[in-house]
Amino acid sequence: MPGYNEQALKKASEYRESSSQLILGIESSCDETAAAVLRGREVLGTAVHTQIPVHRLYGGVVPEIASRSHTERIGSVVREALDNAGVTLDDISAVAVTYRPGLIGALLVGVSYAKGLAYAKGLPLVGVDHITGHIAANYITYPDLEPPFMCIVASGGHSHIVRVDSYTDFTLIGRTRDDAAGEAFDKVARAMGLPYPGGPELEKLALGGDPGAYPLRTAFNEGESYDFSFSGLKTAVVNILHNAEQKGESVNKADLAASFQRAVTDALAVKSVRAARESGLTTLALAGGVSANTCLRERLQRECDRYGIRFCRPDMKYCTDNAAMVACQGHYEIMARKPDELSLDPNAASFLQAQQ
Ligand code: KG4
Ligand code: ZN
């Protein structure tokens with residue numbers, strides 16, 4: 001009887017030869033337990049269990065609570081994704097799992113579960129970097145999208161400009177020097193008394209505000225570098241709130257939220273479009289949780305239209321953490337390389353960090 005490695009290699013080469021094979025994706029890097037079944041870029045079924053209501057009580061993600069919740073939910077979430085796809089585990093040909101970056105205890109749950117499934121069923125296992133998963137969410141939305149293209153990744157932990165050279169080759173062009181874009185949204189929202197996660201709440205508040213009311217700009221984001229800095233902007237907003245509080249004055253929070261949002265989205269849009277133009281690329285994609293921000297989507301669309309660049313952004317349901325994006329990137333990984341061994345370890349850092 002062949003051992004696991006032999007069986008997994010054989011299944012991986014069968015996977016590459018037939019376009020009808022199904023891949024199961026698993027995501028547990030932060031506060032969403034998610035699973036999805038894909039055939040290539042086609043999503044057959046998904047399931048997500050969000051932990052947001054629990055973490056909201058503490059104003060942010062509590063790592064130990066996240067790990068426990070993933071452990072409790074992962075089995076039922078995988079079953080739900082299979083049911084939604086109308087398939088069983090026997091129909092699955094490969095397993096993809098987020099193995100970096102993220103909360104180590106949370107990653108460990110998904111990675112251990114995926115290893116168990118792969119071993120029990122003799123299936124190839126592929127570890128996916130969460131950032132590349134976010135980028136792959138665009139392939140689901142645009143069936144014709146192919147590398148090379150430039151991508152602006154804005155999430156809770158990252159603000160990266162990444163050149164996508166091929167489905168599995170990435171070059172880091174720019175990054176955040178301090179707070180990530182989503183992190184800045186969350187911290188500013190918190191200072192305004194909004195619940196976690198602050199990004200979507202701040203966007204709602206900004207809807208009724210005047211983005212020109214506060215002259216919030218950062219010199220750094222207007223420089224030549226492709227890197228970002230959002231912590232000065234965050235501090236400026238916090239200072240406006242504190243000064244008003246000390247003087248007993250009221251602040252128009254909608255105006256302040258709208259002004260902050262405009263400063264962040266301007267920086268992300270102008271730098272990423274410049275990076276695309278200066279690299280001679282004609283497509284710019286948006287990825288990561290902040291890609292759900294309508295102001296950012298519209299700002300990028302306008303900036304791209306100005307320079308004749310094609311703009312891609314994921315469908316709303318694939319912007320924040322999900323497993324369809326992990327399965328989609330996993331599909332391209334398995335097409336391009338050998339599957340991972342069962343010794344695959346989770347890692348708190350993205351491989352892109354090594355390029356910094
Ligand atoms: O990608 P994601 O779901 O998790 C990480 O990989 O970090 O991103 C979550 C981040 C949070 O900071 C959240 O506030 C932000 O994305 N976010 C938004 C919006 N929706 C989610 N930020 C601004 N506007 C939104 N609509
Ligand atoms: Zn994410």
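The values are calculated or read from the model by the stated rules, or taken from the named source; none is laboratory data. On a predicted model such as this, the values are computed, not experimentally measured, just so you know. Heads up, the Cβs are rebuilt from the backbone with ideal geometry, glycines too, and the neighbour counts pull from every protein chain shown. Note: accessible area is taken over every heavy atom of the protein model, side chains too, but ligands, DNA and RNA are not part of it. Shrake-Rupley method; radii C 1.70, N 1.55, O 1.52, S 1.80 Å.
Go through the residues of region 101-121 one by one and say whether even a single one is under 26 Å from S18 (Cα atoms) and without any contact (Cβ under 8 Å) to a residue 12 or more places away in the chain. The answer is yes, given that some residue of region 101-121 is under 26 Å from S18 (Cα atoms) and without any contact (Cβ under 8 Å) to a residue 12 or more places away in the chain. Anything in region 299-341 that is in the same structural domain as G182 (by TED's automatic domain parsing), part of a helix (DSSP H, G or I) and more than 16 Å from ligand 1 (Cβ to nearest atom)? List them, or say none. Of everything in region 299-341, those that are in the same structural domain as G182 (by TED's automatic domain parsing), part of a helix (DSSP H, G or I) and more than 16 Å from ligand 1 (Cβ to nearest atom) turn out to be R302, E303, C304, D305, R306. Over 15 Å from A257 (Cβ atoms) and more than 10 Å from ligand 1 (Cβ to nearest atom): does that describe L205? Against the criterion (over 15 Å from A257 (Cβ atoms) and more than 10 Å from ligand 1 (Cβ to nearest atom)), L205 does not qualify. Only residues that are within 16 Å of ligand 2 (Cβ to nearest atom) and surrounded by fewer than 18 Cβ atoms within 10 Å (Cβ to Cβ) were counted across region 309-356, and they come to 8. Restricting region 293-308 to residues that are in contact with a Ser or Thr (Cβ under 6 Å, 6 or more places away or on another chain) and more than 16 Å from ligand 2 (Cβ to nearest atom), the residue that is farthest from A181 (Cα to Cα) is R299. Restricting attention to region 16-53, the residues that are surrounded by fewer than 24 Cβ atoms within 10 Å (Cβ to Cβ) and either more than 18 Å from the chain's Cα centre (by Cα) or among the charged types (D, E, K, R) (or both) total 15. Just one of the listed residues (L296, L286) is closer than 26 Å to A213 by Cα, within 16 Å of ligand 1 (Cβ to nearest atom) and in contact with a helix residue (DSSP H, G or I) (Cβ under 8 Å, 6 or more places away or on another chain), and it is L296. Taking Y318 as the residue in question, decide whether it is of a type in the set (S, T, Y), within 30 Å of S259 (Cβ to Cβ) and under 14 Å from the mean Cα position of the chain (by Cα). So Y318 passes the test.
Within this structure, G86 fails the test of being away from ligand 2 (no atom under 16 Å from the Cβ), touching a residue at least 60 places away in the same chain (Cβ under 8 Å) and either at positive phi or among the aromatic types (F, W, Y) (or both). Does A191 satisfy the condition of being touching a residue at least 60 places away in the same chain (Cβ under 8 Å) and either within 21 Å of R302 (Cβ to Cβ) or hydrophobic (A, V, I, L, M, F, W, C) (or both)? It is false that A191 is touching a residue at least 60 places away in the same chain (Cβ under 8 Å) and either within 21 Å of R302 (Cβ to Cβ) or hydrophobic (A, V, I, L, M, F, W, C) (or both). For region 267-275, the criterion of being within 23 Å of the chain's Cα centre (by Cα), β-branched (V, I, T) and open to solvent by less than 10 Å² (accessible area, probe 1.4 Å) is met by at least one residue. Among the residues of region 10-43, those identified as under 18 Å from G289 (Cα atoms) and part of a loop (DSSP other than H, G, I, E, B) are S28, S29, C30, D31. Looking across G116, G75, one residue alone is more than 23 Å from S350 (Cα to Cα), modelled with pLDDT of 95 or more and out of contact with any Phe, Trp or Tyr (no Cβ under 9 Å at 6 or more places or on another chain). It is G116.
Results for (1) among the polar types (S, T, N, Q); (2) more than 16 Å from ligand 2 (Cβ to nearest atom), shown as yes or no for each residue.
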{"position": "V188", "(1), (2)": "no, yes"}
{"position": "M192", "(1), (2)": "no, yes"}
{"position": "A219", "(1), (2)": "no, yes"}
{"position": "T235", "(1), (2)": "yes, yes"}
{"position": "V238", "(1), (2)": "no, yes"}
{"position": "N243", "(1), (2)": "yes, yes"}
{"position": "S259", "(1), (2)": "yes, yes"}
{"position": "T283", "(1), (2)": "yes, yes"}
{"position": "S291", "(1), (2)": "yes, no"}
